[in-house]
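Read the structure below first, then the notes.
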Amino acid sequence: MFKNIILNPRMVRLEVSTLCQLDCPSCSVKKLKKKGYLTADKFKKFVDENSVIKKIELSNQGEVFLNPDLYEIIRYAYEKGISVSVNNGANLNNVEDRVFEALVKYKVRSIICAIDGAAAETYKKYRAGGDFDAVIDNIKRINFYKSKYHSKYPLLHWQYIVFGHNELEIPQAKKMARELRMSFKPIIPWDSTISPVNNKEFVKRETGLEFKGINDDIENQETSYHLFILCTQLWNYPQIQWNGDMLGCCCNDRGNFGNVFEQSFLDVLNNESMNYARGMLRGVVAGREDIPCSTCVFYQIMKENRKWISSSQIRLAKYRQKFIEIFFKLAPEAVIYKIMAFLYSKRV
Ligand code: SF4
Ligand code: SF4
């Protein structure tokens, strides 16, 4: 049997909204049975009851900026000395007026903005219902307040899913990202059957990404990266849904491990099913049907290859996150973007 350690992490992922105004073709949000947003009252109660938590990721599925309590959530987090980020991504189409300034004033650490194109028509092909010009204007408004407050926060990252229909706009998007004080993060789509890339050589030259075939993202070069980043969340950086359901990792939409608004966070985090799931990922107990991981594609890959999560990977993922935090805190904005561009091109 595996060693049952009691976890008490200082980082959690507490999603603030599963609402979204767009209709991206491969989005899983539309399949969710329970949609909604986290209220400021619930956020405050959670934070007050778990004072050890010092970092909260606000995004998961859905659009963070559609949460009507977002202003109060980031203000309260700042007051309590908690750093917050939007690193799973946002579409940034609609932002409440007072939130622009709050993002800077209350030092939201970083925002990954999903913009898959460098022109309005291209952008809409995947981000259906989205408005490219509004997104760019919203980024400029954040930058206005960054200049006003002489702040590097929030660091802004342009995430670009590379498709056949937008591959030729990569150079233009990189240029725009530089002009908008953003890093540029090209990624492979989860489903490579949607508008597959045409000129793989060109894309590799421009982004460092290698497209090989169907389901590139799941089956090829990023698999071990995903296992490392996603599965270790069960130990270091657990994902909670807006309604308090403990999902464990940000990839899980198949079930939960309990509810942190109904029981204590630490009780849920260390309950039997969470620990059993950790044992499954370590390969020391057999798969069990009631554990959400049992039907996850990453668990199936691990099982087929008999390649399990190691204790050094869990530690490494934790220290990697700590290192990123310290680096973001100390380094100047331009240096951060340069180093991130290098790391993205090497897929580190
Ligand atoms: S912007 Fe994100 S949450 Fe919204 S539909 Fe697209 S992928 Fe889904
Ligand atoms: S196996 Fe899947 S659901 Fe389970 S932690 Fe890993 S990525 Fe998440």
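When each of M302, M246 is tested for being surrounded by 15 or more Cβ atoms within 10 Å (Cβ to Cβ), under 26 Å from F211 (Cα atoms) and away from ligand 1 (no atom under 16 Å from the Cβ), the lone residue that passes is M302. Please determine, by comparing only the residues of region 249-262 that are near ligand 2 (Cβ under 8 Å from one of its atoms) and of a type in the set (A, V, I, L, M, F, W, C), which one is surrounded by the most Cβ atoms within 10 Å (Cβ to Cβ). Filtering region 249-262 for residues that are near ligand 2 (Cβ under 8 Å from one of its atoms) and of a type in the set (A, V, I, L, M, F, W, C), the one surrounded by the most Cβ atoms within 10 Å (Cβ to Cβ) comes out as C249. For residues that are among the polar types (S, T, N, Q) and surrounded by 14 or more Cβ atoms within 10 Å (Cβ to Cβ), scanning just region 271-299, find the one that is farthest from ligand 1 (Cβ to nearest atom). Of everything passing the filter in region 271-299, N275 is farthest from ligand 1 (Cβ to nearest atom).
For region 100-213, the strands (runs of 3 or more DSSP E) that sit wholly inside it and include 1 or more residues that are of a type in the set (D, E, K, R) and over 21 Å from N67 (Cα atoms) are 182-187. Restricting attention to region 77-109, which residues are over 21 Å from K329 (Cβ atoms) and not charged (D, E, K, R)? Passing the criteria: G89, A90, N91, L92, N93, N94, V95, V99, F100. Report whether or not K303 is within 19 Å of the chain's Cα centre (by Cα) and either assigned to a helix (DSSP H, G or I) or under 21 Å from F257 (Cα atoms) (or both). In short, no. Of the residues making up region 44-64, those that are part of a helix (DSSP H, G or I) and surrounded by fewer than 24 Cβ atoms within 10 Å (Cβ to Cβ) are K44, K45, F46, V47, D48, E49. Within region 195-211, the presence of a residue that is β-branched (V, I, T), surrounded by 22 or more Cβ atoms within 10 Å (Cβ to Cβ) and at pLDDT 95 or above is excluded. Of all the criteria given as (1) part of a helix (DSSP H, G or I); (2) surrounded by 16 or more Cβ atoms within 10 Å (Cβ to Cβ); (3) in contact with a helix residue (DSSP H, G or I) (Cβ under 8 Å, 6 or more places away or on another chain), the one not satisfied by F327 is (2). Is region 214-228 home to any residue that is among the hydrophobic types (A, V, I, L, M, F, W, C), modelled with pLDDT under 95 and within 17 Å of I161 (Cβ to Cβ)? Checking region 214-228: at least one residue is among the hydrophobic types (A, V, I, L, M, F, W, C), modelled with pLDDT under 95 and within 17 Å of I161 (Cβ to Cβ).
Restricted to region 29-43, and to residues that are away from ligand 1 (no atom under 15 Å from the Cβ) and not in a loop (DSSP other than H, G, I, E, B), which residue is farthest from E57 (Cα to Cα)? Here the residue is D41.
When restricted to residues that are at negative phi, in a loop (DSSP other than H, G, I, E, B) and either within 13 Å of ligand 2 (Cβ to nearest atom) or of a type in the set (D, E) (or both), region 271-290 contains 4.
The values are calculated or read from the model by the stated rules, or taken from the named source; none is laboratory data. Bear in mind the structure is a predicted one, so any value in this text is a computation, not a measurement. So basically every Cβ, Gly included, is an ideal-geometry build from the backbone, and we count neighbours across all protein chains shown.
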